[in-house]
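Student: Shown below is the structure under consideration.
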Amino acid sequence: MRGFIAAVLVVVGLILVPFATVGVWTQRNLLDTEAFTDLSAEVLHQEPVRDALAKRLVDELVKRQPLLGLGRFVLEPAMREVLGTSQFEQIFRLAVSDMHRQLERGDDQLELNLDAMLPILRGLVAQVNGDLANQIPDSAGLPSITVVRKQQVPQVWFGVQVTREASWVFPLLMLLAFAAAVAIAHQHARTLVIVGFGVAVVCLLLALALRTGRDVLSDVTGPEVDVAAFDAAYDVVTDALVTQTLLLGGVGLVGGGVGVALLLRRSGRTRPTTWA
């Protein structure tokens, strides 16, 4: 019975590994406003993201002011230059902080309001074409930019909701399950080996799934999302999760190694049956 209970606890602990690592990552990167803002700023530093955002912003401006379409060849390079300035990064960080509040409220979509960057754009365009610059509104010229909808990536909303309600429950339950399994089992060292290497395998599979999952999600993001920008943003967002998962797998390998060492030590002390 002890062996059966230990086996059940090991299985439960391994099942909890993905929930535990995703829960910790969500707690650190999605629920903390400053960390969420820093992560978003890092995404903005990716060239495909800036190019896609510049094109999207110019599209929105042209929708509001159709005459601006004639000067698109000036607007797009100027917009890309704006997105690389420190002034825009401050505007972007404020907009992202507001978007984080949308995520906390559980809104159906995350939106960015970047109206404050229009005066910067006007100044740059004025250096090339004053008449074109005068057609750019000072404010209220851009609608809020929809970053992602809940129906596209419901896992983000689910992760935030579960983490907000459960916090560190999953990691704690995982550790308790493994500790109890090792303590209850007849063969402590052997169970430690199974737990350690089992955690390493699960973490490796999860890291591979995160990397290969980018292509799957790219196919369901919708036609309005630039694929190159999505891929670049996905890599930045999941890098911390992949690193954290691999670190947990490394801890599992260490634990498994300790178990192997204990088994070897015990086998070295066992007297052969041929001894008198």
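Student: Say each of D235 and Q151 gets a label point 7 Å from the Cα, pointing the same way as Cα to Cβ; how far apart are those two points in nm?
Tutor: Result for the modelled spin labels: 3.1 nm.
Student: Could I ask something else about it? How high is the relative contact order of segment 47-149, in percent, counting Cα pairs under 8 Å that sit 6 or more residues apart?
Tutor: Here the relative contact order equals 31 percent.
Student: Moving on to the next point. Which of V96, P77, L67 sits farthest toward the positive end of the charge dipole of segment 47-149, with +1 on the Cβ of Lys and Arg and -1 on the Cβ of Asp and Glu?
Tutor: The one lying farthest along the dipole's positive direction is L67.
Student: Next question. What is the calculated FRET efficiency for E89 to V12, with r their C-beta to C-beta distance and R₀ = 35 Å, to the nearest 0.05?
Tutor: 0.20
Student: Which listed residue (T21, Q127, V58) has the Cα farthest towards the positive end of the charge dipole for the chain, taking +1 on Lys and Arg C-beta and -1 on Asp and Glu C-beta about the Cα centre?
Tutor: It is T21, whose Cα lies furthest towards the positive end.
Student: Between D98 and D59, what's the calculated FRET efficiency when r is the beta-carbon distance and R0 is 22 Å? Round to 0.05.
Tutor: Computed FRET efficiency for D98 and D59 comes out at 0.50.
Student: Here is a follow-up. Can you give the charge dipole size of segment 47-149 about its Cα centre, rounded to the nearest 20 debye, using +1 on the beta carbon of Lys and Arg and -1 on the beta carbon of Asp and Glu?
Tutor: 120 debye
Student: What's the exposure ranking of D115, D59, going from fewest to most Cβ atoms within 10 Å?
Tutor: Least to most surrounded, the residues fall as D59, D115.
Student: Are there any helices in the chain, counted as whole DSSP H runs, that stretch 27 Å or more along their axis by Cα and score at least -1.0 on average by Kyte-Doolittle, and if so which?
Tutor: 2-29, 86-105, 188-218, 227-269
Student: Please report, in debye to the nearest 20, how large the charge dipole of the chain is about its Cα centre when each Lys and Arg carries +1 at its beta carbon and each Asp and Glu carries -1 there.
Tutor: The dipole magnitude comes to about 1800 debye.
None of the figures in this text is laboratory data; all of them are computed from the coordinates on show. Keep in mind that what you see is a predicted model, and the values were worked out from it rather than measured. Please note: Cβ atoms are built from the backbone with ideal geometry, for glycine as well, and neighbour counts cover all protein chains shown.
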